[in-house]
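The values are calculated or read from the model by the stated rules, or taken from the named source; none is laboratory data. Bear in mind the structure is a predicted one, so any value in this text is a computation, not a measurement. Cβ atoms come from the backbone with ideal geometry, glycine included; neighbour counts cover every protein chain shown.
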């Protein structure tokens, strides 16, 4: 019976780790895809996308044709990023929670990502 404790502990940690990485990957992928659609529709186009940011996100970057999140997991850092068709700028929060992100194609020719109040 005592040998089950490490197995259960490992299983719970592994599940939590995989859930966190799936949430990060999903958030970055969804933001990049919506940015591509908004870019294709042209200046003035906009959309709002809900994303969940898990615990452990260390930094975010929205620039140079990519959306990136860096997450700490299992003692190291992992980068998750997706390229976009058009140039992007803005920010994605790193505090845990669910956010509504406004994705807007500006007249200057790039797509801006910002938290919708």
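For region 64-109, filtering for residues that are closer than 15 Å to residue 37 by Cβ and in contact with a helix residue (DSSP H, G or I) (Cβ under 8 Å, 6 or more places away or on another chain) leaves 11. Considering only residues in region 29-65 that are buried (at least 20 other Cβ atoms within 10 Å of the Cβ) and in contact (Cβ under 8 Å) with a residue 60 or more places away in the chain, the one that is farthest from residue 97 (Cα to Cα) turns out to be 39.
Scan region 21-55 for residues that are in a loop (DSSP other than H, G, I, E, B) and in contact with a helix residue (DSSP H, G or I) (Cβ under 6 Å, 6 or more places away or on another chain) and jot them down. Spell out the reasoning first.
Here is the first cut: in region 21-55, the ones in a loop (DSSP other than H, G, I, E, B) are 42-45, 54-55.
Within region 21-55, 45, 54 qualify.
Applying the condition of being surrounded by 13 or more Cβ atoms within 10 Å (Cβ to Cβ) and without any contact (Cβ under 8 Å) to a residue 60 or more places away in the chain to region 97-109 and asking which residue is farthest from the chain's Cα centre (by Cα) yields 102.
Among the numbered conditions (1) modelled with pLDDT of 95 or more; (2) farther than 17 Å from residue 115 by Cα; (3) in contact with a strand residue (DSSP E or B) (Cβ under 8 Å, 6 or more places away or on another chain), the only one that residue 28 does not meet is (2).
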